[in-house]
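Notes for the one structure printed next.
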Amino acid sequence: MNLDIDDINNSGGASADSPEESSESRLRNLIETAEDLIFSLDNYGNFLSVNNNGALSLDYKPEEIMGKHFLEFVDEDDKVEVAKSFQEALKAENVTTFEVSFMSKFGKKIIFEINGHFLSNKDQVTGLLGIGRNITQRRNYEDKMKELNSKLIEANRLISIERDRAKQQISVLEELNRLKNEFVSNISHELRTPLASIIGFSETIFLDPEMPEDTRNEFVGIILREGKRLAKLINDILDLSKIEGGKIELKKSEHDVMKILMEAIEANQKAAEQKNIAFTYDLPQEEVILFCDRERIFQVFNNLINNAIKFTDNKGRVKIIAQNFYKEVEIIISDTGIGIPSKEIPLIFGKFYRVPRPGTEIEGTGLGLVFVKQIVDSHNGLVTVKSEDGKGATFVIKLPKSKHINRGDNWPS
Ligand code: ADP
């Protein structure tokens, strides 16, 4: 069909009888009832006509639009773009498709996709016929889809992070489980050995009333030593369950920490002698008063000195140095023993951890250092270790002197 601007403009003027007139009126009806925005512009861009439904979709009556410039109805943000599209289309001098954001009479943004057809007369552009489809809803859906898509990407990312975390947690749990199983088999072994000694030696004493005094004393000594070992093991296990349940309460008061250290040194003297270890100490003469839990601090010193002797070969050296500084006291426990490989150092304060040493059977539960760290932490102190494989180990404890820290605190779980 050959459409002219006048077809739209003046279609209302024809009479109803002639066939030509009836085709014109059919066309007009079609245009008026169409849902699309159908319009014509003059060569300046002013509206020459617009269909009723089209005008209504922008909340106007056709007569409110007629004579006004197309850009007057375009959203401020979109004007430059639309003007450009017109220029482009003029060059093409043919059918053009572009998108326009109109601003309705009541300030609503309505998006149309417009098919424009330029009209010309002897190479002169005389105007434009346009059909616009309201794509606001489609655009809204698309925007929502985009938003949902980015949310979906975000959600997927979070899920994969969570999955990684869960994997990590599972591997931590698996490791913990492995350590626990190892611990249970260690502990059964550790419990069974002293028990077997205790039962064996006491049975022997019981069954032999004639036993020479010396042998009897030696056997009683073994029973006592093994009994103490058993008691320590059981205490360690009980302590661990208390730590894990966060149930240990510190009983802090003022104590001379040098006295506690001296007691720990004395408690280990015999073990050092038995291994011919040069066991020396250098402590300040004066009292060093700390606000601390006496028993627990003894446990720290005892554990570290015990380890130093345990992991040092016969005829090695273990030295304890204490220094009384202005704000803290520093205790160094140093040995010339088997040392700790540097990659193992970060692990030795972990529960049940024992440096793997195939072929060497050194008794232990891998719990002593867990307590050391917990106790020192709960006194706001610091424990560090310097060591190399085969070159001995040096543990340093720093305890602050401030009296009023953590009074009556619970042990951290
Ligand atoms: P354990 O009951 O095995 O002694 P600890 O928690 O006290 O448990 O120590 C953990 C591990 O750290 C020990 O098994 C040992 O491998 C290592 N370790 C601790 N102290 C020393 C030390 N002075 N020299 C060498 N290794 C040490």
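General observations
- Scanning the stretch 120-157 for residues that are on the phi > 0 side of the Ramachandran plot and open to solvent by 100 Å² or more (accessible area, probe 1.4 Å) yields LYS122, ASP123.
- Residue match in the stretch 248-259 (condition: within 16 Å of the ligand (Cβ to nearest atom) and either open to solvent by 30 Å² or more (accessible area, probe 1.4 Å) or not hydrophobic (A, V, I, L, M, F, W, C) (or both)): no
- Flag for VAL125 being out of contact with any Pro (no Cβ under 8 Å at 6 or more places or on another chain), in a helix (DSSP H, G or I) and under 24 Å from ASN43 (Cα atoms): no
Results for (1) touching a helix residue (DSSP H, G or I) at 6+ places or on another chain (Cβ under 9 Å); (2) surrounded by 13 or more Cβ atoms within 10 Å (Cβ to Cβ); (3) modelled with pLDDT under 95, shown as yes or no for each residue.
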residue	(1), (2), (3)
ARG26	no, no, yes
ASP36	yes, yes, yes
PHE39	yes, yes, yes
ILE65	yes, yes, no
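Each row is one residue, and each column tells you yes or no for (1) open to solvent by less than 90 Å² (accessible area, probe 1.4 Å); (2) without any contact (Cβ under 8 Å) to a residue 12 or more places away in the chain.
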{"position": "ARG192", "(1), (2)": "no, yes"}
{"position": "LEU195", "(1), (2)": "yes, no"}
{"position": "LEU207", "(1), (2)": "no, yes"}
{"position": "PRO212", "(1), (2)": "yes, yes"}
{"position": "VAL220", "(1), (2)": "yes, no"}
{"position": "ILE223", "(1), (2)": "yes, no"}
{"position": "LYS228", "(1), (2)": "no, yes"}
{"position": "ALA231", "(1), (2)": "yes, yes"}
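- Every pair of residues 6+ apart whose Cβ atoms lie under 9 Å, when the first sits in the stretch 360-384 and is in the same structural domain as ILE338 (by TED's automatic domain parsing) and of a type in the set (Gly, Ala, Ser) while the second is open to solvent by 40 Å² or more (accessible area, probe 1.4 Å) and within 8 Å of the ligand (Cβ to nearest atom): GLY364/LYS310; GLY364/ARG354; GLY366/TYR353; GLY366/ARG354; GLY368/ASN306
- Scanning the stretch 27-81 for residues that are more than 23 Å from SER120 (Cα to Cα) and aromatic (Phe, Trp, Tyr) returns TYR60, PHE73.
The values are calculated or read from the model by the stated rules, or taken from the named source; none is laboratory data. Remember, it's a predicted structure, so these values are computed and weren't measured experimentally. Cβ sites come from the backbone with ideal geometry, for glycine too, and all protein chains shown count toward neighbours. Please note that ligands, DNA and RNA were not included when accessible areas were found on the heavy atoms of the full protein model with its side chains. Shrake-Rupley method; radii C 1.70, N 1.55, O 1.52, S 1.80 Å.
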